[in-house]
Every structure is written in structure tokens, then in C-alpha cells.
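One structure is given here, and the rest of the page talks about it.
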Ligand SMILES: [Zn+2]
Ligand SMILES: [Zn+2]
């Protein structure tokens, strides 16, 4: 089968690989029907994910059909359409029991697929802990609608949830890339007064506007974000900030635009160290929540999708066969042709 493989820092390529086999009773084999490229794949390619193992098939955002299951798998069966979770987790350890599945203590726990073990930019995948990692897709939800369930929408859903958004709040989302757009989509579930989208890429702001994902749009390279937020909130600042940009300046913008006692969610993945200037922010009493998504709400996300409350498919700007993956990687990395997300068919 054809597969996109991480070869080591700076190098990915298409390779011919053998079909995967079940290894444990809790595994399933999934035939991939639609797969995506994520910004994290670029982070791996650039060598900024130290735990990524060279020789691994990339891809942690895909949907498919269950081909075969191990003896102990109970929640899915062969022939079922499923969304695959970016995180595989045991469901039993200290962290899993508390819903902190990103830190599952099993060696295959957390983000393993397409990073430490073979992932989904290929035709067939062995998925560990299938009971937790696979969620059946409701009949009325298409593959395209379900494609981002396990990663991007999970990230947006998690960020909005831990942001503790209340009805009537002003929510600032930094970054109108795929993760930021999903965060806006999920923030809307809490009925805030307004969602403010900020990005220095005008075309991305325009995309968010066209899709109706935010109410206000700010380019912080042209307008003071802090001032703009104050204007909309009687001088207070944003009630909740979700930082999904990961840019040079975006961490600073995030806490500066927040009102005192706000929750600032850092969902971005930085390639450089960030400064936390505590003297400067003293007295603002901010609450920072950081890290990688705890992706254990796929069922809720698919239900919301079935009810038309989430529309992840609106992010798909490009469709191509998996065979064209290298060209799509190039477009994605250089942000050409207005690409937000590509859906690849094996
Ligand atoms: Zn991802
Ligand atoms: Zn666990």
C-alpha cells in the first residue's frame, strides 16, 4: 500500500508499505476512506516533535471502515464506519480515568498514531485501543463531515470547554488557521456575545468571515488588538482567550488582550520558547491552561455534527487522491492557493 513516511528531519516521501496486521487483542485494522494533513505533520517534518520516530507513516486525522478487530474489542465491529481519535488511550490509568487522555500512561497512549506508530496517510492502519480510539459515524454524517472529529474538532471542542466560556462573553481566538477556526466553531456552542478572530493573514480572516465563524475580525499587525478588545468590552478586555496561532508574538497578544481573571487557553504548538513576564502581568490574576488536546469527546462532536451544530467540512478547500500527497504537502506548507485543509482519498 502507498504511504506518506517521515524519514527524519526535513524529509518525508511516498513509500510502498506492507499491509498492517493485528498485534494485540485490543487492536483494530481500519481501511482509510479519507485522510488529512495536519499542521502537526509539518512540525514533525521540521524536526520539532522530538518523540516522532523516523520511518513512521504520518497521519493522525482520518476516517475509515473497520476491517478487522482483535478478540477483546467490543465497541466497534468489521464493516462499521468510524472516526479515528488522534489519541489512543487505555481508558484505565490514573490520567485516563480523569479524562486527561493526552497523558495516558500506556506506551501507546496519547498522541502515538502518525508520530510514534504508523498513522493514517495510507490505505490501512492498525489502531491500538480500538474501543477508545474509534467512534462509529452516524449514518447521516458523511466522511467529509466526520474527517476532523478526532483531531481538529476535538482540539477546538477541548479549548472551548476548558476556556469556561459563559453566555454573553467576548471570546478572542488568535489564529484563523484550521485549529483556530474549529475553536471559533466550538466556542459558538456556548452562545458568547461575540467571537473575535485575529490573524495577520487577511485571507484567513476573510475565510472565517465567509464561513460565519466569528463576529469581529482583527489584523493585529495593523490594529492594536488590546485596544480593539477594550472597545468591545467597556474597557475590560476579552473574557476568554484561545491562542491557536503559535506565532512569534501571539502568546504576548493573548495575555495582553485578556481581561483580569480571564482564562487564557494555549492550544498552539510553538516551535520556540515563550516568555511569561510575571512582573508585567502581576495583579491581572490570569488563569493559563496549556497543552495538547484531551481528545475524548468524539461521540459528542459527531452528535453535534449530525444535528448541524458543527460543520468541520467547511474547512476543506482541496480534494485530491492520496497519490498527490507530496504536492498537497507543498501547498500546505507554503500556504498556497488559499489552502486551509485538504481531504485525501486513498
Ligand atoms: Zn493534528
Ligand atoms: Zn491511560
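Derivation of every value follows stated rules applied to the coordinates shown; laboratory data play no part. Computed from a predicted model, the values in this text were never measured in an experiment. No Cβ is skipped: glycine too gets one built from the backbone with ideal geometry, and neighbour counts run over all protein chains shown.
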Within 10 Å of each residue's Cβ, count the other Cβ atoms and sort 229, 113 from fewest upward. 229, 113
If R₀ is 22 angstrom, what is the calculated FRET efficiency for the pair residue 209 and residue 336, using the beta carbon separation as r and rounding to 0.05? 0.60
Given only helices, namely DSSP H runs of n ≥ 4 each adding -39500 (n - 2.57), what is the per-residue ellipticity at 222 nm of the chain, to the nearest 500 deg cm²/dmol? -6500 deg cm²/dmol
Can you give the extra length, in nm with one decimal, that the chain gains between residue 306 and residue 269 once fully stretched, where that is 0.36 nm per residue apart less the Cα-Cα distance? 10.3 nm
Considering the chain as a Gaussian network with a 10 Å cut-off on Cα pairs, which listed residue, 151, 41, 215, attains the greatest mean-square fluctuation? 215
I need the shape label for the stretch 154-290. Rule: rounded when a/c is under 1.5, else prolate if a/b > b/c, else oblate, with a, b, c from the alpha carbon gyration tensor. rounded
Cβ-based exposure ranking for 77, 318, in which fewest neighbours within 10 Å come first: 77, 318
By average Cβ neighbour count within 10 Å, what is the ranking of 106-112, 329-335, 177-183, 263-269 from highest down? 177-183, 263-269, 106-112, 329-335
Three-way shape call for the stretch 13-126 based on the alpha-carbon gyration tensor, with the a/c threshold at 1.5: oblate
Taking alpha-carbon centroids only, the stretch 140-198 lies from the stretch 1-63 a number of Å equal to 26
Sequence of 224, 250 once ranked by neighbouring C-beta atoms within 10 Å, starting from the fewest: 224, 250
If packing is taken as the average count of other Cβ atoms within 10 Å, what order do 142-150, 199-207, 234-242 fall into, highest mean first? 142-150, 234-242, 199-207
As a percent rounded to 5, the proportion of antiparallel DSSP bridges among beta bridges in the chain is 50
Enter the Cα centre distance for the pair the stretch 260-330 and the stretch 199-249, rounded to the nearest angstrom. 15
Measuring from a point 7 Å past the Cα of residue 234 along Cα-to-C-beta, which residues in the stretch 136-167 have an amide N at less than 18 Å? 166-167
